[in-house]
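The structure under discussion appears below in the form of structure tokens.
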Amino acid sequence: MTDADVVLEVRDLAKYYPVRRGIVLKRQIGEVKAVDGVSLSLRKGKTLGLVGESGSGKSTLAKLLVGVEKPTRGQIFVEGRDVSDLGRADRRALRRNIQMVFQDPYTSLNPRMSVGEIVGESFAIHADAVPAGGKDKAVRELLDRVGLNPDHVNRYPHQFSGGQRQRIGIARALAVRPRILLCDEPVSALDVSIQGQVINLLEELQDDLGLSYLFIAHDLSVVRHIADEVAVMYLGRVVENGADTEVYDRPGHPYTRALMSAVPVPDPTLRDDGREIVLEGDIPSPLDPPPGCHFHTRCWLAPLLEGSADAERPDGRPIPAVCRTDSPKLVPQESPDHHAACHFAADAARR
Ligand code: ADP
Ligand code: MG
């Protein structure tokens, strides 16, 4: 590892799920490439925003990072150490350093456990993480830390609002004093008015505790507020990444442009040109992704390009042959830390 600031890095990470058919003799008929060759890095004290439509592989990536799923291929480095090289004890210590905040605060908290039991649960797994003052005191402090009343420690999840439940989820994640939080759409299930409060809390905690976040969202506007760097995923692959300013001001991938256009902005002057790009159709099945550039079947740019008449698309719109045959690699844009995987990224940026 060259960069000491990098706390979490993945290289060429992949997760393929076999798809089986049949009742008795289950035959494998294919595989879902949920994550297909992803490389990313997360810096200390920073937030990497991971964005993409539902089904693009974001949660699978998070599951690989916390060890719930085993990768089909690729490497995961935590603070410079390859996770697969570690023994059991080391791996457990490392697990403690990466905690998860889940999307749905209604289903991710056990309704039969009190808030105190939920927040203190991981002390049972990581006994060495219990602070000197004892577990109960630690739990009360954690509740206070996330803006909940410590006297409510014996209440049950149903007695709290959605936003408060997500605070419980955050307190639970913080209990064992991790250095990295994986937040998997932590505000997607909350009212817009509550989303900002939870994001502000996460930002405060990051500043106070020096935490690094992988912040997953399907909505670019949520990520824009909190992320220092952004990675955009489409059908298991990263199609664009870079500093937030680069990605938002000079998006190189037509998919990123489309996602940005779909974001309602309160102030229209914030949108670069006021034009709306409509992302047509649903995300294709990852069981049978389109050949070449995965995005070509929905690309708004390809039909506008010169030379696109040499190939026909079923709906009659012409697409350049290279988009249908060659999978584009991530290539540096104007700024060398900004990458986009589009054969025509330069054209996308100009339009
Ligand atoms: P996202 O979080 O971006 O919505 P996911 O990582 O949940 O995406 O899913 C990516 C793809 O992998 C989807 O097509 C999903 O159906 C598939 N997938 C996820 N988990 C499994 C699994 N356990 N078995 C089979 N397919 C899965
Ligand atoms: Mg998900």
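Listed values, structure above:
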quantity	calculated
Pairs from LYS46/LYS329; LYS15/LYS46; LYS15/LYS329; LYS33/LYS63 whose Cα-Cα separation, in the structure shown, is over 23 Å	LYS46/LYS329; LYS15/LYS46
GNM top mover of GLY134, GLY196, GLY45 - the chain, alpha-carbon springs below 10 Å	GLY134
Size of the chain as Cα extents on the principal axes (Å, biggest first)	71, 56, 46
Helical contribution to [θ] at 222 nm, DSSP H n ≥ 4, -39,500 (n - 2.57), averaged over the chain, rounded to 500	-8500 deg cm²/dmol
Candidates PHE215, PHE123, PHE102: whichever shows maximal mean-square fluctuation once the chain is modelled as a Gaussian network with Cα springs under 10 Å	PHE123
Size of the range 6-89 as Cα extents on the principal axes (Å, biggest first)	49, 35, 18
Percent accessible area from carbon and sulfur atoms, the range 66-140, protein chains only, probe 1.4 Å	50 percent
Within the chain, percent of DSSP bridges classed antiparallel, to nearest 5	60 percent
Volume per residue of the C-alpha convex hull in the range 89-138, rounded to whole Å³	93 Å³
0 to 90° range, to nearest 10: angle between helix 115-125 axis and the chain longest Cα axis	90 degrees
Using distinct alpha-carbon pairs, which all enter the 1/r mean, Kirkwood radius of the range 93-221 in Å	14.6 Å
Inter-probe distance in nm under a simple model that places probes 7 Å from Cα toward Cβ, at THR325 and ASN110	5.7 nm
Segment GLU280-ARG21, length gained on full extension (0.36 nm per residue, minus Cα span)	90.2 nm
Selected from ALA217, ALA175, ALA93 as most flexible by GNM, with the chain as the system and alpha-carbon contacts under 10 Å	ALA93
Alpha-carbon Rg with Dmax, taken over the range 43-150, Å	16.3, 45
Those residues of the range 60-83 whose amide nitrogen sits under 14 Å from the label point placed on GLU31, 7 Å along Cα→Cβ	70-74
Separation between Cα centres of the range 76-102 and the range 117-170, rounded to whole Å	23 Å
Å² per residue, accessible surface of the chain at 1.4 Å	49 Å²
HIS158-ALA346 FRET efficiency (beta carbon distance; Förster radius 41 Å; 0.05 resolution)	0.15
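The values are calculated or read from the model by the stated rules, or taken from the named source; none is laboratory data. A quick note: this is a predicted structure, and the numbers were derived from the prediction, not measured. All Cβ positions, glycine included, derive from the backbone under ideal geometry; neighbour counts span all protein chains shown. In case anyone asks, the SASA skips ligands and DNA or RNA and just uses the protein heavy atoms, side chains included. Shrake-Rupley method; radii C 1.70, N 1.55, O 1.52, S 1.80 Å.
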